[in-house]
Amino acid sequence: MHNILKLSYFLAILMLFSCGEKSKKINQENKSTKISPEEETAVSDEKIILFFGNSLTAAYGLQKEEGFPALIQKRLDSLNLNYTAINSGVSGETTSGGLNRLEWVLNQKVDILVLELGANDGLRGISLRESKNNLQKIIELVKEKNPQTKIILAGMQIPPNMGEAYTSEFKEMYPQLAEKNNVALIPFLLEGVAGNSKLNLEDGIHPTAEGQKIVMENVWQILEDVIKDI
């Protein structure tokens, strides 16, 4: 009996020792994984680029990682820039649809917003006055929500089958809005891609993976300067 008690005490002490060592080990691990002040600063300093557009932004017909927003993220990472690119592209989106979902999208912090809308309006022959007003309202709402948000407007063009006057006015709509609101402008998002069958899917409208790489460069030319100014 005496020996059994001695053994029980020994096992109890051994368990306490083991638990103490385990607790000590966990505490050490927690200390080693604790975020340093520098890392906390890096996280808080992270900036958001929101790509707000239609199927061109959404990388229609491709994997998301092949679209220009994802390619921009790779460029940012390669340059060690503390930015996160968010793809908020919706296939089929019009300026009206974009305006309707804007407030929900702006619930998050946005440092740079790349506005890519209007192509579907043009292809559907929607009144250019309506399209222009919607884009203007989008720009105003973004500035109202956060005056510090930088806006980049992606210029678009449409095929001439809508008529010369409509096509010309559509093209001019973007530089006019950019000048009026003092925002950066990508002259033509699909420069070097539109009209090239090798760089577009079978529909002749949406870029292939190779086409998206060119679109990314078109965006980066303007985005790079905006980042430098922040």
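Exactly one residue out of 194, 209 is surrounded by 15 or more Cβ atoms within 10 Å (Cβ to Cβ), within 28 Å of residue 47 (Cα to Cα) and hydrophobic (A, V, I, L, M, F, W, C), and it is 209. Residues of the stretch 70-85 include at least one that is within 18 Å of residue 201 (Cβ to Cβ) and without any contact (Cβ under 8 Å) to a residue 24 or more places away in the chain. Residues in the stretch 113-122 that are open to solvent by less than 10 Å² (accessible area, probe 1.4 Å) and either β-branched (Val, Ile, Thr) or not in a loop (DSSP other than H, G, I, E, B) (or both): 113, 114, 115, 116, 121, 122.
What about residue 117, is it more than 16 Å from residue 182 (Cα to Cα), in contact with an Asp or Glu (Cβ under 6 Å, 6 or more places away or on another chain) and modelled with pLDDT of 95 or more? Can you show your working first?
Working: more than 16 Å from residue 182 (Cα to Cα): yes; in contact with an Asp or Glu (Cβ under 6 Å, 6 or more places away or on another chain): no; modelled with pLDDT of 95 or more: yes.
No, not satisfied.
Residue 110 meets all of the listed conditions (1) closer than 24 Å to residue 218 by Cβ; (2) more than 17 Å from the chain's Cα centre (by Cα); (3) aliphatic (A, V, I, L, M); (4) part of a loop (DSSP other than H, G, I, E, B) but one, namely (2). Scanning the stretch 142-165 for residues that are in contact with a helix residue (DSSP H, G or I) (Cβ under 7 Å, 6 or more places away or on another chain), touching a residue at least 40 places away in the same chain (Cβ under 8 Å) and either assigned to a helix (DSSP H, G or I) or among the aromatic types (Phe, Trp, Tyr) (or both) yields a count of 1.
Select from the stretch 178-192 the residues that are among the acidic types (Asp, Glu), outside any helix (DSSP H, G or I) and under 28 Å from residue 144 (Cβ atoms) and list them in ascending order.
Keep residues of the stretch 178-192 that are among the acidic types (Asp, Glu), which gives 179, 191.
Now drop any that are not outside any helix (DSSP H, G or I), which leaves 191.
None; the set is empty.
Here residue 157 meets each of (1) in contact with a strand residue (DSSP E or B) (Cβ under 7 Å, 6 or more places away or on another chain); (2) closer than 26 Å to residue 101 by Cβ with one exception, condition (1). Considering only the stretch 31-72, state which residues are open to solvent by 40 Å² or more (accessible area, probe 1.4 Å), part of a helix (DSSP H, G or I) and at pLDDT 95 or above. The answer is 64, 65, 66. Taking the criterion of being closer than 18 Å to residue 96 by Cβ and touching a Leu at 6+ places or on another chain (Cβ under 6 Å), the residues of the stretch 117-154 that qualify are 134, 135, 137, 138, 141, 142, 153, 154. Selection of first residues in the stretch 193-218 that are part of a loop (DSSP other than H, G, I, E, B) and of second residues that are surrounded by 15 or more Cβ atoms within 10 Å (Cβ to Cβ) and among the hydroxyl-bearing types (Ser, Thr, Tyr), restricted to Cβ pairs under 9 Å at least 6 apart or on distinct chains, gives the following pairs, ordered by first then second residue: 193/208; 201/60; 201/208; 203/60; 205/55; 205/60; 206/55; 206/60.
The values are calculated or read from the model by the stated rules, or taken from the named source; none is laboratory data. Keep in mind the model is a prediction, meaning the values are calculated, not measured. Virtual Cβ from ideal backbone geometry, glycine too; neighbours counted across all protein chains shown. Keep in mind that these areas ignore ligands, DNA and RNA; they rest on the heavy atoms of the full protein, side chains included. Shrake-Rupley method; radii C 1.70, N 1.55, O 1.52, S 1.80 Å.
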